[in-house]
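Chemist: Handing you this structure, nothing more for now.
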Amino acid sequence: MYNKKTGIVGIIITIIILILLVFLSNISIEKLSAVENIFSSIIMPVQNGLTYLKNKISGNDEFFSNISTLKQENEQLKNQNAQLEQSLREFEIIKSENDTLKEYLNLTEKYSNYTTKAAYIINKDLGNYSNIFVINIGKDDGIDVNMTVISEKGLVGHVISVTNSTAKVQTIIDTSSSLSATMSTSRDSLICKGTLEDKYCLRATYIPTSANIIQGDKIETSGMGGIYPKGILVGTIKSVINTKNITDRYAIIEPAVDFEKIETVLVITK
Amino acid sequence: MKRVLIVISMIILFFIIYFLQANFFTWFTIAGVYPNLFVIMALFVGLFMSKSTGIPLMLFLGICLDFFIGKKVGLSAIMLSAIVIIGGLLAKNFSKDSRITIILMTIAATVIYEIGFYILNIMLLGTAIEIVPFAKILLVEILYNVILTIIFYPLIQKVGYYIEEAFKGTKILTRYF
């Protein structure tokens, strides 16, 4: 009996629920916003918190998964940076060269102030330890001892003895030769001497400890010493040899003049 | 007369060597190093000529060389004369018939000449002291001089004995009597 009654009540409740569902499903959602708000106010704070946590975790996960990509990007950026630094260095060198070329232009004008006499080399040194040569002009042409000898490329040397028709020239690469010079960019002074290490190169010593020596920097005469006029190109810095003691460091200078092939020179007479 | 002709021949030989050294040997270098034929000539003079003729001759030729291409007059003259004296001493004590002895004499003469010349340059002209590069050049120069001595040895010996006979006469080796 009891079971029969319960079954009837259950059927009635189910019918009522179904009727309510039919009724609710036919109402538009806008008309239910109040109810939705109630639900939302209960659910959304929790949902927000959960979403925040989820985003955080998924973000971290992305960070870890992208490490390799970031590394690649870092490498690329490093390369770009190195390239930019290289470009900057090249730019600085070009700028320095530009300045030097401008100076040479001025120097050519400066040479025009000197009275020069052209001469041919008629005899070269016979020894392995010195570098001097004889030119075909002498006292009769107004040549005198200690006159500076240059070529179109730079400094050659100076006259050490003179006869009526010839003159002996000691080149700057001779092992007994010594000249005071300056670096064209930093204006630091140094002493250039001929060396046996490399017959056609110069050794620059007495470099100031604070001096910044740049490979490829131009070296020119300082005007001190009373023989060579100021501003004549001597050569370029080929390499810098650093020693334990910074005061002993020296540089190898490649002369501007090719002493192996030199045939004609100019003697500055005035 | 014979002696005068020999001295004139030696002066001509000096000029031939000078032009060879100045032109020919600039194309034929070993590692950029020239030989020094003047040393070989001075040794030759010392070995086969008398001191009284050899020393003034090389002194004169040395001064000529200094005037032609030297930095200071007298340096080559002093050193070439020294080689003549050393050559005379070596001739007294060693046989000139052996090729090996002549080669060793050439080595000694080259070493003495170049070291002496270098020291004089350092003292008088302020040349920088660079022992290692100097030794390297000297070794190559010795090698070159030795090669030339080997090549010219038959000629050196033949002409040498002819000159020796003219200046010193044929000596009787009393030891063997």
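Values quoted throughout were computed directly from the atomic coordinates according to the rules given, and no laboratory measurement underlies them. Note that this is a predicted model, so its numbers are computed, not measured. Methodologically, a virtual Cβ is constructed for each residue, glycine included, from the backbone with ideal geometry; neighbour enumeration extends over all protein chains shown.
Chemist: For a footprinting-style exposure proxy, rank A:Leu18, B:Leu148 by other Cβ within 10 Å, fewest first. It would help to have the intermediate numbers written out before the result.
Modeler: Details: A:Leu18 10, B:Leu148 17.
Going from sparsest to densest Cβ surroundings: A:Leu18, B:Leu148.
Chemist: For B:Ile112 and A:Asn74, what is the calculated FRET efficiency with R₀ set at 60 Å and r taken between the beta-carbons, to the nearest 0.05?
Modeler: Given R0 = 60 Å and the Cβ-Cβ separation, E is 0.30.
Chemist: Taking other Cβ within 10 Å of each residue's Cβ, how do A:Asp217, A:Asp248 sort, fewest first?
Modeler: Taking fewest neighbouring Cβ atoms as first place, the list is A:Asp248, A:Asp217.
Chemist: Over chain B, what is the mean sequence separation of C-alpha contacts under 8 Å (at least six apart), divided by residue count, expressed as relative contact order in percent?
Modeler: Worked out over chain B, it gives 27 percent.
Chemist: Could you tell me the center-to-center distance, by alpha carbons, between segment A:194-255 and segment B:1-67 in angstrom?
Modeler: Taking the Cα centre of each part, segment A:194-255 and segment B:1-67 sit 38 Å apart.
Chemist: Defining a contact as two alpha carbons under 8 Å apart and six or more residues distant in sequence, what relative contact order in percent does segment A:117-268 show?
Modeler: Working: 401 pairs, mean separation 36.0, N = 152.
It comes to 24 percent, rounded to a whole number.
Chemist: Separate question: Given the DSSP H assignment, sum -39500 (n - 2.57) over each helix run of at least 4 residues in the protein assembly as shown and divide by its residue total; what's the result at 222 nm in deg cm²/dmol, nearest 500?
Modeler: About -18500 deg cm²/dmol.
Chemist: Report the per residue volume, in Å³, of the convex hull enclosing the C-alpha atoms of the protein assembly as shown.
Modeler: Here the figure is 344 Å³ per residue.
Chemist: Taking every pair of Cα atoms in segment B:127-168, average 1/r, invert it to obtain the Kirkwood radius, and report Rg/Rh to two decimals. All intermediate terms of the calculation are to be shown ahead of the outcome.
Modeler: On the way: Rg = 16.3 Å, Rh = 12.6 Å.
Rg/Rh for segment B:127-168 comes to 1.29.
Chemist: If Lys and Arg each add +1 and Asp and Glu each add -1, what is the summed charge of the other residues whose beta carbon sits under 13 Å from the beta carbon of A:Tyr206?
Modeler: Value of the local net charge: +1.
Chemist: While we're looking at this one, here's another question. To the nearest whole number, what is the average tally of beta carbon atoms from other chains within 10 Å of the beta carbons of peptide A:127-134?
Modeler: Details: counts 13, 13, 11, 7, 0, 3, 1, 3.
Counting Cβ atoms of other protein chains within 10 Å of each residue's Cβ and averaging gives 6.
Chemist: Also, quick follow-up: Return the tail of the calculated pair distribution for chain B, meaning the percent of Cα-Cα pairs more than 30 Å apart.
Modeler: Pairs farther apart than 30 Å: 16 percent.
Chemist: Across bins of 10 angstrom width beginning at 0, how are the C-alpha pair distances of segment A:117-268 distributed, in whole percent?
Modeler: Percent of Cα pairs in each bin: 12, 43, 32, 11, 2, 0.
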